[in-house]
Amino acid sequence: MIELHLSNPDSREPWRRTSVVGPVATGSISGLGGLGYRLAIEAVADLLDR
């Protein structure tokens, strides 16, 4: 599982800084806007190929 945030949660409200899925996620992408979707898909594809 890849955790994806379009904006950077660390630069937003304090309550957004607590990740619910982060502890079990394989990786995290944040703050890259729509580009994050492409990177997350590539990351999942790479993980599945391993």
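We did not get these values from a lab; they are worked out from the coordinates using the rules stated. Values in this document were obtained by computation on a predicted structure and should not be read as measured data. Reconstructed Cβ throughout: ideal geometry from the backbone, glycine too, with neighbour counts over all protein chains shown.
Toward the positive end of the charge dipole of the chain, about the Cα centre and with charges on Cβ (Lys, Arg +1; Asp, Glu -1), which of Ser11, Gly34, Leu47 goes farthest?
The listed residue farthest towards the positive side: Ser11.
Please list the non-local residues whose amide H lies under 5 Å from the amide H of Leu4, H modeled 1.01 Å from N, same-chain partners needing a gap of 5 or more.
Ile29
Please compute the Cα-Cα pair-distance distribution of the chain with 10 Å bins starting at 0, giving whole percents from short to long.
Reading the bins upward from 0: 26, 52, 19, 3.
Pull out the extension gain between Arg16 and Asp49, defined as 0.36 nm times the separation in residues minus the alpha carbon to alpha carbon distance; nm, one decimal.
Full extension of this stretch gives 8.7 nm more.
Could you state the angle between the C-alpha long axis of helix 35-49 and the longest principal axis of the C-alpha atoms of the chain, as a value from 0 to 90 degrees rounded to the nearest 10?
Tilt of helix 35-49: around 40 degrees.
Net charge within 15 Å of Ser30 by Cβ-Cβ distance, Lys/Arg positive one each and Asp/Glu negative one each, not counting Ser30 itself?
The answer is +1.
Assigning unit charges at the beta carbon (Lys, Arg +1; Asp, Glu -1) and nothing else, what dipole magnitude in debye, to the nearest 20, does the chain show about its Cα centre?
Roughly 160 debye for the chain.
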